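The values are calculated or read from the model by the stated rules, or taken from the named source; none is laboratory data. The shown structure was predicted, so the numbers you read here are calculated from the model rather than taken from an experiment. Neighbour counts run over all protein chains shown; Cβ positions are idealised from the backbone, glycine included. In case anyone asks, the SASA skips ligands and DNA or RNA and just uses the protein heavy atoms, side chains included. Shrake-Rupley method; radii C 1.70, N 1.55, O 1.52, S 1.80 Å.
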Amino acid sequence: MSAQQKTIGHDWWFSGALIFVAFLPRLFVALNWAHEPVWDGHYYHYGATRLAEGLGYSEDVVLNGIKVWRPWAHYPVGYSLFLSLFYRIFGDSILVAPLVGTFVGSFTTLIVHRISRYGLSSGRARIAGTLCALHPGLIAYSALVMTETTAALFVLSALWAALALKTKPFNLILAGLLIGCASLIRPVCLAALPALLLLSPWREWKESWRIPLGRVLVIAGVCVFTIAPWTYRNCRVMDG
């Protein structure tokens with residue numbers, strides 16, 4: 001094992017401390033700024049509530065004075081499904097989603113720090129993690145029922161899996177599953193797939209471009225497999 005690889009595995013105490021540093025201001029914002037979800041957040045919350053109640057991703061419409069169940073697909077299902085896991089346990093009060101966002105944002109700082117250690121010095125990686133932990137915009141987002149921070153957590157986790165896990169091809173499968181989940185939360189996350197080509201060192205590109213390209217194609221295949229059930233459901237029960 002090279003000296004760089006040994007160094008990458010260290011500094012876990014700082015990663016853990018970052019979670020605590022990030023958690024406190026996010027918790028304050030979540031407890032004091034949380035309010036009834038509006039705009040897109042209203043629909044994310046509504047979808048999560050329906051899923052938690054076992055009604056599927058659906059809505060009720062009134063036809064001839066009778067309330068009728070109808071399948072729904074106005075927004076990507078991923079974030080509502082993610083929230084519904086917590087709604088099943090803790091209920092759907094207006095505090096639950098912001099508190100979930102608090103933990104999501106806190107763990108994201110850990111992953112930012114761990115990923116940064118692969119391309120930066122130890123000191124600069126610490127700065128990157130600290131900036132993520134204390135960024136005012138990211139802290140304020142903790143109180144909002146929005147998809148951005150959760151999607152970021154899944155994408156960054158996929159990058160970390162592709163970089164850190166030595167068990168192959170499990171690392172590629174896990175990365176594909178995570179990006180697939182991120183895309184169900186926020187479809188633009190699919191753009192992360194070509195970015196994964198940048199994870200391969202230049203020596204691999206010089207040896208054969210098929211190695212890094214094949215790695216990304218495996219991740220993309222697993223990602224498509226993850227999204228396929230939702231696509232099939234929409235084609236089956238919606239107009240298309």
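Points to keep in mind about this one:
- Over the stretch 1-137, accessible surface divided per residue gives 55 Å², non-protein components excluded, 1.4 Å probe.
- Span-rule helices in the chain, defined as complete DSSP H runs reaching 24 Å or more along the axis (Cα) with Kyte mean at least 0.5: 12-33, 96-116, 210-237
- Distant-in-sequence amide H partners of Glu59 (H built 1.01 Å from N, under 5 Å): Arg70, Trp72
- Label-to-label distance for Lys168 and Leu217 is 1.5 nm, based on points extended 7 Å past Cα in the beta-carbon direction.
- Peptides 36-46, 110-120 ranked from most to least packed give 110-120, 36-46, packing being the mean of other C-beta atoms within 10 angstrom over each peptide's residues.
- 1.4 Å probe accessible area per residue over the stretch 140-239, in Å²: 55
- Relative contact order [Cα under 8 Å, 6+ residues apart], the stretch 1-116, whole percent: 37
- Peptides 146-155, 207-216, 173-182 ranked from most to least packed give 173-182, 146-155, 207-216, packing being the mean of other C-beta atoms within 10 angstrom over each peptide's residues.
- Mean Cα-pair separation over length for the chain, i.e. relative contact order, pairs under 8 Å, 6 or more apart, %: 21
- Heavy-atom accessible surface of the chain: percent carbon and sulfur, 1.4 Å: 70
- The stretch between Arg210 and Asp40, if pulled fully straight at 0.36 nm per residue, gains 57.1 nm over its current Cα-Cα span.
- Cα-centre dipole for the chain with unit charges at Cβ (Lys and Arg positive, Asp and Glu negative), debye to 20: 920
- Sum of -39500 (n - 2.57) over DSSP H runs of 4+, divided by residues of the chain (222 nm, nearest 500): -22000 deg cm²/dmol
- In nm, spacing of pseudo-spin labels at His135 and His74 (7 Å Cα→C-beta vector): 3.0
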